[in-house]
Amino acid sequence: MQDQPADPAAAASGTSVRPRRQTRLDSYADRYAERTSGMQASEIRALFAVASRPEVVSLAGGMPNISGLPLDAVAATMSDLVRSRGAEAMQYGSGQGDPTLRSQICEVMALEGIVAHPDDVVVTVGSQQAVDLVTRIFCDPGDVVICEAPSYVGALGVFRAYQCDVVHAEMDDQGLVPAALEQAIEAVAAAGRRAKFLYTIPNFHNPAGVTLSAERRRRVIDICRDADLLVLEDNPYGLLGFDSEPIAALRADDPDGVVYLGSFSKTFAPGFRVGWALAPHAVREKLVLAQESSTLCPPTFSQLAISSYLADFDWKAQVKDFTQMYRERRDAMLAALTEHLPAGSHWTVPAGGFYVWVTLPAGLDAKAMLPRAVTARVAYVPGTAFFADGFGSRCLRLSYCFPTPERIREGVRRLGAVIEAEMELRAAFGVTPNAVGRGYEGPNTDLA
Ligand SMILES: Cc1ncc(COP(=O)(O)O)c(C=O)c1O
């Protein structure tokens, strides 16, 4: 909008004068709600433009690889849906979601030992919206959420948007460390505050690639129960394990203390944007109200499309095909990392999902190294994207879900050369203080 000069004639006649607006890039900058200050483009989004250039091997984005879907058969099911139930599929639906789909969702969750009633399921626009709705109903500005370190960037974005304070709790190869969780809960209590929930991704973690061990699952549930801390279990990758049957969900052990989130984005296709929340009854009621005020109802067409897919296809065989493809890519990445990364680097070994978390040799900073990597035509996500508190600079996330094994090998080869060159540079010129990479150093206790 252009600035309007004040009208002297109108001023003289006593009629109202439109106030002069300053010329600047965003003339509304002074009136956005406080919460927008926490809304920033994620480091991943900023990378997409560069990483999608064909000459760059992108090990950055986490797009599911749906090239194996039988599109002709899916098209036939969709067109049948429009012909036979088009009027219903294109109409508004229930705020809680289609009842048939909710029953089917209960069957999907049964694979992880969950016994649930369709009444307690709320269909959402991807599990991303479920994270948003749960945060909306529980968190006021300044409330605390405990998250693993590192944590899913999309959830951190939601917590920031609702002006929550994130307290991280450390993970290791077995997932969330129970003692670190206890320490985080104590730190919050010592500051006279109370965490609203623990946000956790127990299976095939994004970005850490690790899985919470069976013993720790029990421990985490016990700790949270003792502290009266709600658990938000985010499990979009749970059925994408490489070596095992699906692992029992935290929710299977504690129906009253866990809100469980699931998604069809990784087991079918993300474009439908269908996920869900399974919640204790009273929480479910609040989620439906929040859903209605957000979207009126989740998209009917997408829900019926997913419901038809689950009914008409051998979707479990499709998930097996997906996992085989991802396992092959994971193997290619792990072999290439062993071959090309210099001593002093280490990485996690995922048993499912999409991601490997790499820790660079001491002294390196993944964010500072990124321009060099992109120049060498390989992209990754720097670890700092996955922390609310600026940690993670010595780490990076690699995803193996999308590129072919050949591209993965080439990408990791390029990455290895970039790390070597960065180390040589540091050896030649010395390590500058602000380039010293930091690993994770413990939960943030600065809550005052
Ligand atoms: C841990 C985690 N949670 C939630 C989501 C959101 O998935 P969607 O909204 O597609 O269901 C993602 C997507 O990558 C994820 O990795």
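All other residues whose Cβ lies under 10 angstrom from that of V349 are scored, Lys and Arg at +1 and Asp and Glu at -1, for a net of 0. Over segment 101-229, average the accessible area per residue using a 1.4 Å probe and give it in Å², no decimals. The answer is 34 Å² per residue. Relative contact order for segment 187-320: 18 percent, from Cα pairs under 8 Å spaced at least 6 residues apart, divided by residue count. A Förster radius of 35 Å combined with the Cβ-Cβ distance from M90 to S27 puts the calculated FRET efficiency at roughly 0.35.
Averaging sequence separations of C-alpha pairs under 8 Å and six or more residues apart, then dividing by the length of segment 248-398, give the relative contact order as a whole percent. Once normalised by length, the contact order is 13 percent. Accessible surface area normalised per residue over segment 247-335 is 38 Å², counting heavy atoms of protein chains with a 1.4 Å rolling probe. Across the chain, Cα pairs under 8 Å and at least six residues apart give a relative contact order of 22 percent. Work through the residues other than L239 whose Cβ is under 11 Å from its Cβ and net out their charges, Lys, Arg +1 and Asp, Glu -1. Surrounding charge for L239 is +1. E420 exposes around 80 Å² of accessible area when a 1.4 Å probe is run over every protein chain in place. Comparing L287, P64, L229 along the charge dipole axis of the chain, the residue lying farthest to the positive side is P64, per the Cβ-charge model.
Picking from V74, V210, V349, which is most flexible by a Gaussian network model of the chain using Cα springs under 10 Å? In the Gaussian network model the winner is V74. Per the Kirkwood formula applied to alpha carbons, the chain shows a radius of gyration over Rh ratio, Rg over Rh, of 1.02.
So, R0 is 45 Å and r is the distance between the beta-carbons of E339 and T100; what FRET efficiency does that work out to, to 0.05? Taking R0 as 45 Å, the efficiency between E339 and T100 is 0.35. Once all protein chains are placed together, E339 keeps about 140 Å² accessible to a 1.4 angstrom probe. Our estimate of slack between A248 and L296, defined as 0.36 nm per intervening residue step minus the Cα-Cα distance, is 14.0 nm. Applying a length cut-off of 24 Å (Cα extent along the axis) and a mean Kyte-Doolittle floor of 0.0 to the DSSP H helices of the chain leaves no helix.
In plain terms, the chain from A189 to D140 could stretch by 15.9 nm, reckoned as 0.36 nm per residue minus the Cα-Cα distance. Which value, in debye to the nearest 20, describes the size of the charge dipole of the chain about its Cα centre when Lys and Arg Cβ atoms bear +1, Asp and Glu Cβ atoms bear -1, and nothing else is charged? Approximately 1200 debye in magnitude.
Ligands, DNA and RNA aside, R394 has an accessible area near 50 Å² when probed at 1.4 Å. Compared with the direct C-alpha span, the chain from R35 to T375 gains 118.8 nm at full extension, assuming 0.36 nm per residue. Within the accessible area of the chain, the carbon and sulfur atoms contribute 54%, probe 1.4 Å, all protein chains present.
The phi torsions of segment 142-148, fed into the Karplus equation with coefficients 6.51, -1.76 and 1.60 and a -60° offset, translate into couplings of x, 5, 9, 10, 8, 10, 5 Hz, rounded to whole numbers, with Gly and Pro shown as x.
A simple count of charges around F204, restricted to other residues whose Cβ falls under 12 Å of its Cβ and scoring Lys, Arg +1 and Asp, Glu -1, yields +1.
The values are calculated or read from the model by the stated rules, or taken from the named source; none is laboratory data. Keep in mind that this is a model prediction, so the values were computed, not measured. Reconstructed Cβ throughout: ideal geometry from the backbone, glycine too, with neighbour counts over all protein chains shown. Ligands, DNA and RNA are stripped out before the accessible areas are found, and what is left, the full protein with its side chains, is counted by its heavy atoms. Shrake-Rupley method; radii C 1.70, N 1.55, O 1.52, S 1.80 Å.
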